[in-house]
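Have a look at the structure below, then the notes.
The values are calculated or read from the model by the stated rules, or taken from the named source; none is laboratory data. Just so we're clear, the structure is a prediction, and the values are computed from it rather than from any experiment. Cβ coordinates were reconstructed from backbone atoms using ideal geometry, including for glycine residues, and neighbour counts include every protein chain displayed. Note: accessible area is taken over every heavy atom of the protein model, side chains too, but ligands, DNA and RNA are not part of it. Shrake-Rupley method; radii C 1.70, N 1.55, O 1.52, S 1.80 Å.
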Amino acid sequence: MPVALGQRIRKRRQQMSMTLQELSRACGVSASYLSQVERDNAVPTLGTLAEVAAALDVGIDHFIATPRQADSVTRAEERPRFSVAGNSVVYERIGAEFPAHELSSFVLNIPPHYRSETVQHSGEEIIFVLEGEIQQMVDGQSFLLRTGDSMHYLGQQPHSYSNPGDGPARLLWMGKMAHPATPTTFAPLQGRGVQGTDSESGPPHGALAW
């Protein structure tokens, strides 16, 4: 059964950590009307829905399109690769962006001696080391994870990671996050080299939290 329009709007607003009042100011629609829409007691016009979608940084089809199962398949040779400005980690998207999704997943290619910042956020994460090794810090404890090792932890615990080795590491990351990465966050790799450093600098605030 398709997810109701109001539920999709509320879920996206909560992912963006926006209140009804903040969404109202961003899209020019009254908070009381938005509340009715989210409870499926009112149906917005396409024009109003377009304003709401723009304020939530998605296209209108995010709320009205019914995804095909085939759209959730990512082929190894066609997988989108990107980096975040100022960061030398290369990400590969393997999750699908269908409406009301909660799970995000990426493969991370981490250069030697890279160290991330320490972050906290809502949600939970699972990591699985595909190649190399990762030094994972969670709530003040350090764990050396080698190829084949995995770890599951809550995002609200302070956490960071590094690649202590002289070679690159490859990691599968899966998580439920309050601020999922969106296409506007990405800096595609096509036509340019990867920018970034191998130092303490990690993802900028509001981008990829892991």
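Below are the figures for this structure:
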{"read-out": "Förster radius 30 Å - calculated FRET efficiency between ALA76 and LEU144 (Cβ-Cβ, nearest 0.05)", "value": "0.60"}
{"read-out": "Label-to-label distance, nm, for residues given as ARG39 and GLN7 (7 Å Cα→Cβ offset)", "value": "1.7 nm"}
{"read-out": "Gain upon complete extension [ALA54, SER30; 0.36 nm per residue less C-alpha separation]", "value": "7.1 nm"}
{"read-out": "Förster-model FRET efficiency, 41 Å R0, GLU131 and GLN21, C-beta, rounded to 0.05", "value": "0.30"}
{"read-out": "Label-point gap, in nm, between LYS176 and SER122 - each point 7 angstrom along Cα→Cβ", "value": "1.1 nm"}
{"read-out": "MET16 accessible area, 1.4 Å probe, all protein chains in place, Å² to nearest 10", "value": "60 Å²"}
{"read-out": "Rounded accessible area of SER17 (nearest 10 Å², 1.4 Å probe)", "value": "70 Å²"}
{"read-out": "ARG79 accessible area, 1.4 Å probe, all protein chains in place, Å² to nearest 10", "value": "50 Å²"}
